[in-house]
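Only the coordinates and a few stated rules stand behind these numbers; no lab work does. The structure displayed is predicted, hence computed values, not measured ones. Virtual Cβ from ideal backbone geometry, glycine too; neighbours counted across all protein chains shown.
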Amino acid sequence: MTDHPVDLDKHRGMAAQKATDLRHALAEVESHVRELREREADLENRMLTVPAASWPEAAVKARHLLNLYAASLPAEDTRHRALVAALFDDFARLSGDGGGERGPPTSSTSAMLGATGKQAAHRGP
């Protein structure tokens, strides 16, 4: 009798070894997916319970929501994908470093949005 463990994979055929490797890889991927879903749920619970203390923090929440929305869009919905991309570009431009908005909406933006938050017709400068 030896003190070394026997490598059973050496005694099986190549197809069986590949099938075992695939099962192990799949189990590892499924484990990572479960962990990611749990972490995402924890993050979203914190986002729900802790109000943003600044515009950059609010932008982080908006980015997450927009990413979820964009992921649900069909590939052929290029218009909405372009709108999401344009909004991300706006966030980057307004923050100066890509981290989120720098401050509250300007008075001209507020006037364009109106009191209800719906975009109103812009009547010039």
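Summary table
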{"read-out": "Range of Cα positions in segment 21-96 per principal axis (Å), largest first", "value": "48, 35, 21"}
{"read-out": "Estimated FRET transfer efficiency when R0 is 25 angstrom, pair Arg23-Ala70 (beta carbons, to 0.05)", "value": "0.15"}
{"read-out": "Using a Förster distance of 30 Å, the FRET efficiency for Asp77-Glu44 (Cβ separation, nearest 0.05)", "value": "0.80"}
